[in-house]
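Here the structure comes first, spelled out in structure tokens, and everything after it is commentary.
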Amino acid sequence: MHPLPIARALALACIGFASAATQAAEVEVLHYWTSGGEAKSVAELKKIVAAKGVVWKDFAVAGGGGENAATALKARVISGNPPAAAQVKGPSIQEWGKEGVLANLDAVAAAEKWDALLPAAVAPIMKYKGSYVAAPVNVHRVNWLWVNPAVLKKAGATVPTNWDEFFAAADKIKAAGQIAIAHGGMPWQDATVFESVALGTGGAAFYRKALVELDQGTLTGPQMIKTFETLARIKTYIDRDAAGRDWNLATAMVINGRAGMQFMGDWAKGEFTAAGKKPGIDYLCLAVPGSEGAYTFNIDSMLMFKMKKPEDQQSQQVLASAIMSPDFQELFNLNKGSIPVRSGVNKTKFDSCAQKSMADLDASSKSGSLVPSLAHGMAVSSAAQGAMTDVIARFMNSNMSPKDAVTALAKAAKTR
Ligand code: GAL
């Protein structure tokens, strides 16, 4: 039997929550959406739960990629005081499931028919042992290159469609005295560039074998060497002040014309949008060279933790229901740069980059070139991801050779 008075929670959610409002129902949410575009996105969720009578208790932990947030979450769960919900995704959901600390969302999921609304590949990620424990928020694509066309034009460079053209454009931007590649020297950002380069130089089948299946031969093979060689070349176009720079500040460099291009997932588009910039005019969203048609996905989700008080359990159901609502999925993703994860959402207001993402997601899932993001916690265990990210970051910050890098990466991939 389910411990929560679900029917009541759902009824309250539907009638505007007048009674719960007087009890000041509350939901504490741990997240790392702290940049300009992200804060706007999360404000939409706050509004929706507030309209349902639930007060949002913000537990924001700054730090792109979510490493700091993950550390804060562990501390709270270990001390027996978890937040109601936390921004956790991918295989980490299973890791938390094994700890026996998660809430059960099956009643709300069944009432709202989540199984029918979510893509067949997504629903299992949100479940532990067959039960829903998390609510999916969006689909982010990681293999994007963000370009400021005015910077390219001023440098006499053309928009790149392959790696040769990419490096030719980078050379011209550099020669014109601008920064060719905006980057923040943080391990997760290094890994973000790395995985896009792996996809763009080796293709989806190579990516899957190496970075999802962790096949030792592929991890040390010629395509991985080529990946690191390309990464070594990319390093030479990054400015000296990159160390420790936040991703959104790197995006700001592209927005304001200090830099020409950035490798980043489409949360970067949230920054362009927040700055009032228009795709196709002020900026371009291109698939990373060589990765056109392929798609690295990163699905954000809110993982729910077991709550003792019935009113907290109710608020949690309200939050889950709000996250899956078409209104939220539309508004949040318009601001966030991502696309809705569930069906039945109005897509007419989404811009050309989002439309491209939707079309490419569809096409890549049919052609078999849809792969989970390594850098964003969708592909492997958190332990293997952490160890592999360390190797990539070491490569970015030293003179390590591509040969040594593949050996170290393959060893790191064995981390359990
Ligand atoms: C990703 C996350 C995005 C965005 C980004 C920067 O891992 O999925 O929602 O927050 O990191 O922090």
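The values are calculated or read from the model by the stated rules, or taken from the named source; none is laboratory data. What you see is a predicted model; the values in this text were computed from it and never measured. All Cβ positions, glycine included, derive from the backbone under ideal geometry; neighbour counts span all protein chains shown.
Quick check: anything in segment 167-178 within 16 Å of the ligand (Cβ to nearest atom) and closer than 15 Å to ARG233 by Cα?
no
Criterion first (modelled with pLDDT under 95, farther than 19 Å from ILE93 by Cα and away from the ligand (no atom under 16 Å from the Cβ)) does GLY293 satisfy it?
In short, yes.
If I ask for residues that are within 16 Å of the ligand (Cβ to nearest atom) and either surrounded by fewer than 19 Cβ atoms within 10 Å (Cβ to Cβ) or outside any helix (DSSP H, G or I) (or both), which ones from segment 241-252 would you list?
The answer is GLY244, ARG245, ASP246, LEU249.
What number of residues within segment 253-274 satisfy the criterion of being surrounded by fewer than 21 Cβ atoms within 10 Å (Cβ to Cβ) and within 23 Å of the chain's Cα centre (by Cα)?
1
Residues that are within 15 Å of the ligand (Cβ to nearest atom) and in contact (Cβ under 8 Å) with a residue 24 or more places away in the chain: list the helices (runs of 4 or more DSSP H) wholly contained in segment 299-382 that include at least 3 such residues.
Helices (runs of 4 or more DSSP H) meeting the threshold: 326-336.
Within segment 407-415, does at least one residue satisfy the condition of being of a type in the set (D, E, K, R), surrounded by fewer than 19 Cβ atoms within 10 Å (Cβ to Cβ) and within 22 Å of THR220 (Cβ to Cβ)?
Taking every residue of segment 407-415 in turn, at least one turns out to be of a type in the set (D, E, K, R), surrounded by fewer than 19 Cβ atoms within 10 Å (Cβ to Cβ) and within 22 Å of THR220 (Cβ to Cβ).
Report whether or not MET388 is farther than 30 Å from LEU284 by Cα, touching a helix residue (DSSP H, G or I) at 6+ places or on another chain (Cβ under 7 Å) and within 16 Å of the ligand (Cβ to nearest atom).
yes
GLN262 fails exactly one of the following numbered conditions: (1) more than 16 Å from the ligand (Cβ to nearest atom); (2) part of a strand (DSSP E or B). What is the number of that condition?
(1)
Identify all residues within segment 84-100 that are surrounded by fewer than 15 Cβ atoms within 10 Å (Cβ to Cβ) and either part of a loop (DSSP other than H, G, I, E, B) or within 11 Å of the ligand (Cβ to nearest atom) (or both); write none if there are none.
Within segment 84-100, GLU99, GLY100 meet the criteria.
Looking at the structure I just gave you, is SER301 under 16 Å from the mean Cα position of the chain (by Cα) and either more than 22 Å from GLY65 (Cβ to Cβ) or buried (at least 17 other Cβ atoms within 10 Å of the Cβ) (or both)?
The answer is yes for SER301.
Quick check: anything in segment 5-16 at pLDDT 95 or above and either part of a helix (DSSP H, G or I) or within 16 Å of the ligand (Cβ to nearest atom) (or both)?
No, segment 5-16 has no match at all.
I'd like to verify a number: residues in segment 211-236 that are of a type in the set (A, V, I, L, M) and surrounded by 18 or more Cβ atoms within 10 Å (Cβ to Cβ), how many?
6
With the structure loaded, tell me whether LEU284 is surrounded by fewer than 22 Cβ atoms within 10 Å (Cβ to Cβ), in contact (Cβ under 8 Å) with a residue 60 or more places away in the chain and within 16 Å of the ligand (Cβ to nearest atom) or whether it fails that test.
no
Report every pair of residues separated by at least 6 positions or lying on different chains whose Cβ atoms are under 6 Å apart, first residue within segment 234-261 and of a type in the set (Lys, Arg), second part of a loop (DSSP other than H, G, I, E, B) and surrounded by 14 or more Cβ atoms within 10 Å (Cβ to Cβ).
ARG245/GLY184
So which of ASP246, ASP266 ends up being touching a His at 6+ places or on another chain (Cβ under 6 Å) and of a type in the set (D, E, K, R)?
ASP266
Just checking, does segment 384-392 include any residue being within 22 Å of the chain's Cα centre (by Cα) and among the charged types (D, E, K, R)?
Within segment 384-392, one or more residues are within 22 Å of the chain's Cα centre (by Cα) and among the charged types (D, E, K, R).
Scan (1) surrounded by fewer than 19 Cβ atoms within 10 Å (Cβ to Cβ); (2) aliphatic (A, V, I, L, M); (3) assigned to a helix (DSSP H, G or I); (4) within 16 Å of the ligand (Cβ to nearest atom) for the single condition VAL77 breaks and write down its number.
Unmet for VAL77, out of (1) surrounded by fewer than 19 Cβ atoms within 10 Å (Cβ to Cβ); (2) aliphatic (A, V, I, L, M); (3) assigned to a helix (DSSP H, G or I); (4) within 16 Å of the ligand (Cβ to nearest atom): (4).
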